[in-house]
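The values are calculated or read from the model by the stated rules, or taken from the named source; none is laboratory data. Predicted model, so just to flag it, every value in this text is computed and none were measured. Here the Cβ positions follow ideal geometry from the backbone for every residue, glycine too, while neighbour counts run over all protein chains shown. Heads up: the accessible areas ignore ligands, DNA and RNA and are worked out on the full protein's heavy atoms, side chains in. Shrake-Rupley method; radii C 1.70, N 1.55, O 1.52, S 1.80 Å.
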Amino acid sequence: MTLQLTTAISDGIKRTLTLTGGVAFALLAALQFLSLASINTVLAAWLPPQVTETLGVVLPISGAVAGALFAATALLTAVYFVIVARAFVRPQSELSTFPPSLYTRRMARATLSMFVGGIFVAFAVTIGSVFLILPGIFLAACFIFFIFAVGVENRGVLGALKRSWGLARGHRLKLGVFVVSLGVLGMLVSLPSTIFQAAGEPLIGDLITVVANSIVFVFVYGIMAAIYVQLQNEHAPSRGSQPTGNASTTTL
């Protein structure tokens with residue numbers, strides 16, 4: 001099966017412009033705000049006052065509490081990826097609902113797998129990017145379906161990594177182009193923060209960045225889900241794994 005990126009983009013946009021997309025945006029914006037604010041607060045507790053004035057959102061809590069908040073936010077982000085993977089792969093007719101099954105079914109195991117595997121993927125992609133960038137792009141393309149293998153197919157860390165690698169096989173060039181596009185989008189979204197930082201308004205820059213990031217990357221997750229739906233049946237699940245069938249009929 002040939003990956004149709006244009007079709008996936010169109011399908012992903014449609015998936016995002018639903019109640020599911022709205023909920024995904026609100027949750028991501030809250031997580032982004034908490035993450036950014038907790039990091040700024042930790043920095044404010046350690047850096048000189050003249051430097052902390054350049055920070056944006058700073059919470060009225062101690063650095064230790066902010067550090068704990070950041071750790072909690074990282075764990076909640078793993079929960080978010082489980083939920084958004086399950087939510088976006090459903091058929092279009094179901095995207096106007098947000099049933100409890102999306103965030104109650106086997107959440108402990110899925111969250112742990114998402115958290116541990118997410119750290120591994122981020123580390124591997126970062127290390128790969130240090131070496132001439134191309135290895136990082138390659139690894140990002142290979143593991144792009146990890147969140148769906150965990151959230152939708154209920155796989156563990158190793159099983160999800162293998163499943164994502166298998167789904168990407170034969171399509172890594174197109175997926176690599178998609179990954180590079182995400183990098184460009186990320187740089188563009190960070191521009192407001194840089195501009196307002198230079199203008200002496202880091203708080204406004206942080207808020208705009210949170211909203212812009214959330215909008216852009218919810219659409220990205222919708223498109224990733226559409227790509228996953230296209231490719232999930234190309235490589236049949238191995239014996240012993242939990243098959244899901246076509247995503248449009250997956251029971252969530």
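Points to keep in mind about this one:
- Check on Ala44, among the small types (Gly, Ala, Ser) and open to solvent by 10 Å² or more (accessible area, probe 1.4 Å): yes
- Residue that is nearest to Thr111 (Cα to Cα), among those in segment 57-77 that are of a type in the set (S, T, N, Q) and part of a helix (DSSP H, G or I): Thr77
- Scoring Gly118 on the criteria (1) open to solvent by less than 50 Å² (accessible area, probe 1.4 Å); (2) not in a helix (DSSP H, G or I) leaves a single failure, condition (2).
- Residue list for segment 18-47, restricted to those being in contact with a Phe, Trp or Tyr (Cβ under 8 Å, 6 or more places away or on another chain), under 20 Å from Ala74 (Cα atoms) and among the polar types (S, T, N, Q): Ser35, Ser38
- Filtered by the rule that a residue be modelled with pLDDT of 90 or more and of a type in the set (Phe, Trp, Tyr), segment 45-71 gives a lone residue, Phe70.
- Residue match in segment 30-44 (condition: at pLDDT below 90, in contact with a Lys or Arg (Cβ under 6 Å, 6 or more places away or on another chain) and part of a helix (DSSP H, G or I)): no
- Residues considered: Ile137, Ile133. Of these, the only one that is surrounded by fewer than 24 Cβ atoms within 10 Å (Cβ to Cβ) and more than 19 Å from the chain's Cα centre (by Cα) is Ile133.
- Flag: Val229 does not match the condition of being open to solvent by less than 20 Å² (accessible area, probe 1.4 Å), farther than 18 Å from Leu139 by Cβ and either within 17 Å of the chain's Cα centre (by Cα) or not small (Gly, Ala, Ser) (or both).
- Qualifying residue in segment 63-78 (condition: of a type in the set (A, V, I, L, M, F, W, C), in contact (Cβ under 8 Å) with a residue 60 or more places away in the chain and under 23 Å from Tyr221 (Cβ atoms)): no
- Close pairs (7 angstrom Cβ cut-off, 6 or more residues apart or separate chains): more than 19 Å from Ala74 (Cα to Cα) and in contact (Cβ under 8 Å) with a residue 60 or more places away in the chain in segment 87-116, not hydrophobic (A, V, I, L, M, F, W, C) and not in a helix (DSSP H, G or I) anywhere: Val89/Thr250; Leu95/Thr18; Ser96/Thr18
- Candidate set from segment 1-10 (those that are more than 18 Å from the chain's Cα centre (by Cα) and in a helix (DSSP H, G or I)); member that is farthest from Leu175 (Cα to Cα): Ser10
- The C-beta contact set for segment 187-203 (first residue touching a residue at least 12 places away in the same chain (Cβ under 8 Å) and open to solvent by less than 90 Å² (accessible area, probe 1.4 Å), second residue of a type in the set (S, T, N, Q) and outside any helix (DSSP H, G or I), distance under 9 angstrom, 6+ apart or interchain) comprises Gln197/Thr54; Pro202/Thr54.
- Segment 2-29, subset under 20 Å from Val179 (Cα atoms) and hydroxyl-bearing (Ser, Thr, Tyr), residue modelled with the lowest pLDDT: Thr2
- Residue satisfying all of: in segment 67-102; of a type in the set (S, T, N, Q) and open to solvent by 20 Å² or more (accessible area, probe 1.4 Å); farthest from the chain's Cα centre (by Cα) among these: Ser93
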